[in-house]
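*Asks:* Input: one structure, supplied below.
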Amino acid sequence: MNNISLGRYSQYDTLLHRMDPRGKIVSMIICMVMVFFSYGSLWTNLIVYAFLMVGIYILMRIAHISLKQLFKQLKVVWMMMIIILIINIFTIKDDLSIFGYVSFTIPGINLTIYYSALITTFYVFVRLALMLALSLILTSTTKPMDLTYGLEWLMHPLKWIKVPVHIIAMMISLTLRFIPTLLDETDRIMKAQASRGVDFQEGKFKEKVRAIIALIIPLIASSLSRSVDLAYAMIARGYDPDKKRTRYRVLKWHVRDSIGSIVVLALFTLLLIAMIFNFTII
Amino acid sequence: MSNLRLEHITFYYDNEQDVPTINDISFSVEEGEYVSLIGKNGSGKSTLAKIIAGLIPEPDDGIIYLDDQEITESMKREKIGIVFQNPDNQFIGATVRDDIAFGLENKQIPTSEMEPIVLKYATLVGMNEFLDKEPSSLSGGQKQRVALAGVLAMAPEIIILDESTAMLDPKGKREIISLIHRLRKENPKLTIISITHDVEEAYLSSRVIVLNDGKIIMDDIPEKVFSNEKELENLGLDIPFFLKLKNELISLGIDVGNISKLEDLEDYLCR
Ligand SMILES: Nc1ncnc2c1ncn2[C@@H]1O[C@H](COP(=O)(O)OP(=O)(O)OP(=O)(O)O)[C@@H](O)[C@H]1O
Ligand SMILES: [Mg+2]
């Protein structure tokens, strides 16, 4: 159960930890857009990516995130990358030239691989890695609670079109609150079922399905009874979704948040201009 | 002045029931009383608690009065607090401080006034050093203390505890029970209605009500109620260890006089 580290807050006191969640959320979205843009020629693209990589790596260092943590996240991506690579090898046949070559052939099986296929796969990989790095930075420097507050604040305009933003935010924060509880519960049920002879590790497909059902059914049942209890506890303490509530935690925007956001926006504008004018470095 | 008064409360969970879950219950609780509500599983204790706390808004029959005035929804919310059994399922905030503040947010206490209240009640229950802890890093007893702080912070006059110690280890249990006794000392006006299966805990309260099949069958001071050993046994209820021991001694012909505490009995026997 310990490999679910995306979304784990890490207890440090760094500049990034102290930044306002609203600024961080918006900045992360902007950075993700930057990562997804394509910037003209092959070499320009590579240079911009190298630059983004360095920038994001510096942020990771500030946030005390090691490359190891990132690679752990990437584990999930490997399978996907291999599939994308295979698809690309067979479908992408652009005459993108690298050092004067367009393709090469693997001798034994007579397969011609275009460099463009490799490069495209590489882009996808880099983009995914950078995106994961960005979300890792956000979630490990921002408490889930603050993240929810930030999101609620940012979604505020949606109230005008009658979206119940505060209820959605409450749902998110309750979900976050109960994730550890439900993980514990899952663990407990797995142990209980294992002691009754349900095998979660091995077995044929049919047995695996049976094992999963033996886990899911009690988990759903207990979640339902928990949610009833929780609803009673909330009502008893005066929660009414239709009523106004005051806030215990209020987000505070500091000068550093303005500076951070301006830096990100400036970079974004720069890259946007570069892209629009098809500015080619090499 | 009688604080809380129930008159002929009757409640059915669904229309096809022949016997109501709560069957014409009337009783009153004075300000500052510590009432234990005992009864076997399914006797209707939690249902009654939910009716009093307003979580079941409309019983099928009967009226609840608070200070001789018919109670309203908002009065229930404001004056009656309830702590439940499962410590995990009533921890709403992300951290101890957020959880204590949850009720204050609902009560629309201004943000600037919340922190002192949160601190006050966290300190009262001895959780002031854990303010930024998340529930997953707290023991069951600590979580229950936070739940109690969250309820107390809303300044209720009556607190209902629905088996609030049932899921705790002996240490957690003792913590909560001694906390309740301390609260009563510090605030003699606080009324406690405690639902429990723990007869030792009930023995320490000022009054015991026994519920069976939705009806009150006994309502007296603990010594009197627990003197009906046979009757309670037939209901599947135990009596406190001390009384058992005392009865046993008496049946063996050992006169123990009118000792009413286990420690005194120990002293007496050692002499
Ligand atoms: N939501 C519900 N819908 C229908 N019936 C219910 C509901 N909750 C409880 N009951 C039934 O009402 C009766 C009284 O339940 P209640 O929970 O009040 O008992 P209790 O005295 O608190 O028992 P326990 O000691 O097990 O907590 C039981 O027979 C129960 O099955
Ligand atoms: Mg109950």
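*Asks:* Name the residue, out of B:Q69, B:Q108, B:Q90, whose mean-square fluctuation peaks in a Gaussian network model built on chain B with Cα pairs under 10 Å.
*Replies:* Per the Cα network of chain B with a 10 Å cutoff, B:Q108 tops the list.
*Asks:* Find how much the distance from A:A192 to A:F205 grows on full extension, using 0.36 nm per residue of separation minus their present alpha carbon separation; answer in nm with one decimal.
*Replies:* Taking A:A192 through A:F205 to full extension adds about 2.6 nm, to one decimal.
*Asks:* Give me log10 I(q)/I(0) at q = 0.12, 0.19, 0.22 Å⁻¹ for the range B:1-130, Debye formula, one equal scatterer per alpha-carbon, no solvent.
*Replies:* -0.61, -1.17, -1.31
*Asks:* On to the next question. Across the residues of A:245-254, average count of Cβ atoms on other protein chains within 10 Å?
*Replies:* Mean partner shielding for this stretch: 5.
*Asks:* So, one more: Enter the angle in degrees (range 0 to 90, nearest 10) between the Cα long axis of helix A:42-62 and the first principal axis of the Cα atoms of chain A, meaning the one along which they spread out most.
*Replies:* Taking the Cα atoms of chain A, the angle to A:42-62 is about 40 degrees.
*Asks:* Right, here's the next one. Provide the three semi-axes, in whole Å and in decreasing order, of the ellipsoid equivalent to the range B:2-239 as defined by the square roots of 5 times the Cα gyration tensor eigenvalues.
*Replies:* Taking √(5λ) for each Cα gyration eigenvalue gives 30, 21, 16 Å.
*Asks:* Check B:L235: other-chain or 5+ apart residues with amide H under 5 Å from its amide H, H built from backbone geometry?
*Replies:* Here the answer is none, since no amide H 5 or more places off falls under 5 Å of that of B:L235.
*Asks:* Between B:I259, B:I82, B:I22, where does the largest GNM mean-square fluctuation fall for chain B, given springs only between Cα atoms within less than 10 Å?
*Replies:* Among B:I259, B:I82, B:I22, the largest GNM mean-square fluctuation belongs to B:I259.
*Asks:* I would also like to ask the following. For an R0 of 45 angstrom, estimate the FRET efficiency from the Cβ-Cβ distance between A:L158 and B:E186 and round to the nearest 0.05.
*Replies:* 0.45
*Asks:* Quantify how strongly other chains surround peptide B:91-97 by giving the mean number of their Cβ atoms within 10 Å of each of its Cβ atoms.
*Replies:* Partner-chain Cβ atoms within 10 Å, mean over residues of B:91-97: 5.
*Asks:* Shifting gears a bit: Of A:L272, A:V209, A:C31, which is farthest on the positive side of the dipole of chain A, counting Cα position, with +1 on Lys and Arg Cβ, -1 on Asp and Glu Cβ, and the Cα centre as origin?
*Replies:* A:V209
*Asks:* A further question on this structure: Ranked highest first by average number of other Cβ atoms within 10 Å, how do B:153-165, B:185-197 line up?
*Replies:* Order by mean packing, descending: B:153-165, B:185-197.
*Asks:* Would you pull out the residues with amide H under 5 Å of B:M218's amide H, same chain only if 5 or more places away, H placed 1.01 Å from N?
*Replies:* Sorted by chain and number, the residues that satisfy this are B:V210.
*Asks:* Can you bin every Cα-Cα distance in chain A into 10 Å intervals starting at zero and give me the percent of pairs per bin, rounded to whole numbers?
*Replies:* Calculated over all Cα pairs of chain A, the distribution is 5, 19, 24, 24, 17, 8, 2, 0 percent.
*Asks:* Can you give the angle from 0 to 90° between the axis of helix A:67-91 and the longest principal axis of chain A, with both taken from C-alpha atoms, to the nearest 10?
*Replies:* Compared with the principal axis, the helix lies near 50 degrees.
*Asks:* Among the lysines, select those whose C-alpha is under 23 Å from the C-alpha of A:K162, and discard any that sit fewer than 8 residues away in the same chain.
*Replies:* Leaving aside lysines fewer than 8 places away in the same chain, those within reach of A:K162 are A:K243, A:K244.
*Asks:* Would you mind giving the mean number of other chain beta-carbons within 10 Å of the Cβ of each residue in B:55-61, as a whole number?
*Replies:* 1
*Asks:* Can you spot the aspartates and glutamates whose alpha carbon is less than 17 Å from B:K120's alpha carbon? Ignore those fewer than 8 places along the same chain.
*Replies:* Here the aspartates and glutamates satisfying the reach criterion relative to B:K120 are B:D98, B:D99, B:E105, B:E129, B:D132, B:E186.
*Asks:* Of B:K76/B:K261; B:K133/B:K215; B:K45/B:K224, which sit over 31 Å apart, Cα to Cα?
*Replies:* B:K76/B:K261; B:K133/B:K215
*Asks:* Can you give the translational diffusion coefficient of the protein assembly as shown in µm²/s, computed by Stokes-Einstein from the Kirkwood radius over Cα pairs at 20 °C and 1.002 mPa s?
*Replies:* D, rounded to a whole number, is 75 µm²/s.
*Asks:* Calculate log10 I(q)/I(0) of the range A:143-250 for q = 0.16, 0.18 Å⁻¹, where I(q) comes from the Debye formula with a single equal point scatterer on each Cα and nothing for solvent.
*Replies:* Log-scaled intensity ratios, in q order: -0.84, -0.94.
*Asks:* Nearest 10 degrees, 0 to 90: what angle lies between the long axis of helix A:255-276 and the longest principal axis of chain A (Cα atoms)?
*Replies:* 40
None of the figures in this text is laboratory data; all of them are computed from the coordinates on show. Every value quoted in this text rests on a predicted model; they were computed, and no experiment measured them. We place every Cβ from the backbone using ideal geometry, glycine too, and count neighbours over all the protein chains shown.
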